[in-house]
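Down below is the structure, laid out as C-alpha cells.
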Amino acid sequence: MNAITNHFSNGPVIPQSVQLALAGVGSLFLATKLWSYLQLVLSAFLLPGTNLRKYGKPGTWAVVTGASDGLGKEFAEQLASKGFNLILVSRTLAKLETIANAIEEKYAAKSIKVKILAMDFAEDDDEDYDALAKLIKGLDVGILINNVGQSHSIPVSFLDTTNEELQNIVTINCLGTLKVTKVVAPILKQRKKGLILTMGSFGGWTPTPFLATYSGSKAFLQQWSNALSSELADDNVDVYLVLSHLVTTAMSKVRRPSLLVPNARAFVKSALGKIGLGGYQTAPNTYTPWWSHSVMLWLIENVPGVNSPVTIWYNKKMHVDIRRRALRKAEREAKKQ
C-alpha cells in the first residue's frame, strides 16, 4: 500500500490550470444535464405549449389524416371543440361520414363544418391527392395533422416481413405523409402562419429490431420533419414531430391504459397542449407530450443512449417476447375454431 501511495505522491504533478480546466468541463457537463432535467420537469408538468389560436381564429380549417380511428379521430374531435373546421382524410367512407355527422351535430353551436375524403393511402393514387387539393382549394387551412400510419401486424424479423406489408408501411407512412404535406403546406406558407404536426414513434427514435421497416419509416419522418421545419421557419409555419410510446389504439393492440400507456383522448389533449415543448430532447423540432413518455425518453437519452447496444438489445428482447405471446394467442384462437 505504501508503494502505491509513494508512486502517486512522487508522480508527475498536474498543473493547477489543467485541474481548473478539467473541473470547468465537468461543471459545464453537469450544468447542461441539470438544465435539461429542469426543462423536462417544466415541460412535462408546468408549462403550457403554443396556443392553437396562433394558427387561426375559430373557423380556420384543420386537415387530419388517418381520421377514422384512434388518434386521428381524437385529433378531429378535440380540434373541433376548439373551433376548427375539419377536413378528414381516411380509408373508410362510412366511418368518415359517421364521424363528420357526429361532430357537426355535437358542435352545432360553434357552426363547425366538416369535409371528408375517402382515400386508401396504400394505393398511392395521384388522383386522390388531386382530389384533396381540390377539396381544400380556397379554404383558410391553418393546421395539418399527419397522423396516417401503419405498423406490422405483429413484431416480425425483416427477412420474414411480407413484401405487401413492407410496401404498405413505406407507402403509407412515408409517401402518404409527404404527398399530403406537399398539397397542404403551400397554403400555410402563403398565409404566413400554420402548424404541421407529424406523428412519430419511439420505434423510429431508437432502432427497433423486429419492427425494422416500421422503425425505418418513422426515423425517415423524423429527419424529414426536422429539415422541413427549418425550410418553413421563415414563413412562420411551425413543424414538429410528435413522439409517442404506446397508446391504447388499434395499431398498438393495447386495450388497457396504464402509467406508461395513456388512452387516445389523454394523449391527444397533451399533444395539443404541449406544442413545441421539447427543448430537453436531442432531436430538434420534436416533442414528447405524454409525461411518462417524456421521462422515459430523457432517461434513455441521458443514461444508456438512444443508439446504445443496451437500448437496442432491450428493444429486441421486448419485441421478441411480444411476438412469442402474439403467436401463442393466435394458436389458442385457432384451436377454438
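The values are calculated or read from the model by the stated rules, or taken from the named source; none is laboratory data. Note that the coordinates shown come from a computational prediction; the quantities given were computed from them, not determined experimentally. Cβ sites come from the backbone with ideal geometry, for glycine too, and all protein chains shown count toward neighbours. With ligands, DNA and RNA removed, areas are computed over all heavy atoms of the protein, side chains included. Shrake-Rupley method; radii C 1.70, N 1.55, O 1.52, S 1.80 Å.
Report the calculated FRET efficiency for ASP126 and ASN226 (r = Cβ-Cβ distance, R0 = 35 Å), to the nearest 0.05.
Result of the calculation: an efficiency of 0.85.
Find the percent of Cα-Cα distances in the stretch 236-279 that exceed 11 Å, and round it to a whole number.
69 percent
For helix 126-136, report the angle its Cα long axis makes with the longest principal axis of the Cα atoms of the chain; keep it between 0 and 90° and round to the nearest 10°.
It works out to around 80 degrees.
Apply 1/(1 + (r/R0)^6) to the Cβ-Cβ distance of LEU28 and ILE322, taking R0 = 35 Å, and write down the FRET efficiency to the nearest 0.05.
After rounding, the FRET efficiency stands at 0.30.
Within 10 Å of each candidate Cβ there may be at most 11 other Cβ atoms; applying that plus a DSSP loop requirement, which trypsin sites (Lys or Arg not before Pro) in the stretch 142-223 survive?
LYS192
Report the Cα-based extents of the chain along its three principal axes, largest first, to the nearest Å.
Principal axes ranked by extent give 85, 57, 34 Å for the Cα atoms.
For the chain, what is the mean residue ellipticity at 222 nm derived from helices alone (per DSSP H run of n ≥ 4: -39500 (n - 2.57); sum divided by total residues; nearest 500 deg cm²/dmol)?
About -16500 deg cm²/dmol.
In degrees between 0 and 90, to the nearest 10, how far off the longest principal axis of the chain does helix 16-41 point, with axes built from Cα atoms?
For 16-41 against the chain, the angle is about 30 degrees.
Going by alpha carbons, how many degrees (0 to 90, nearest 10) lie between the helix axis of 309-336 and the longest principal axis of the chain?
40 degrees
Within the accessible area of the stretch 52-332, what % is carbon and sulfur when the probe is 1.4 Å and the other protein chains stay in place?
55 percent
For the stretch 42-125, with the dipole built from +1 on Lys and Arg beta-carbon atoms and -1 on Asp and Glu ones, taken about the Cα centre, which of SER68, PRO58, LEU88 lies farthest toward the positive end?
Looking along the dipole axis, the top candidate is PRO58.
If a/c stays under 1.5 just call it rounded; otherwise compare a/b with b/c (prolate if a/b is bigger, oblate if not). Do that for the stretch 230-337, with a ≥ b ≥ c from the square roots of the Cα gyration tensor eigenvalues.
Here the stretch 230-337 falls in the prolate category.
Can you give the accessible area per residue of the chain, in Å², using a 1.4 Å probe?
Accessible area per residue: 54 Å².
Say the cut-off is 28 Å between C-alpha atoms; which of LYS57/LYS218; LYS73/LYS335; LYS134/LYS193; LYS218/LYS336 go over it?
From the list (LYS57/LYS218; LYS73/LYS335; LYS134/LYS193; LYS218/LYS336), the Cα-Cα distance tops 28 Å for LYS57/LYS218; LYS73/LYS335; LYS218/LYS336.
Stokes-Einstein D for the stretch 57-163 at 4 °C, 1.567 mPa s, Kirkwood Rh over Cα pairs, in µm²/s?
88 µm²/s
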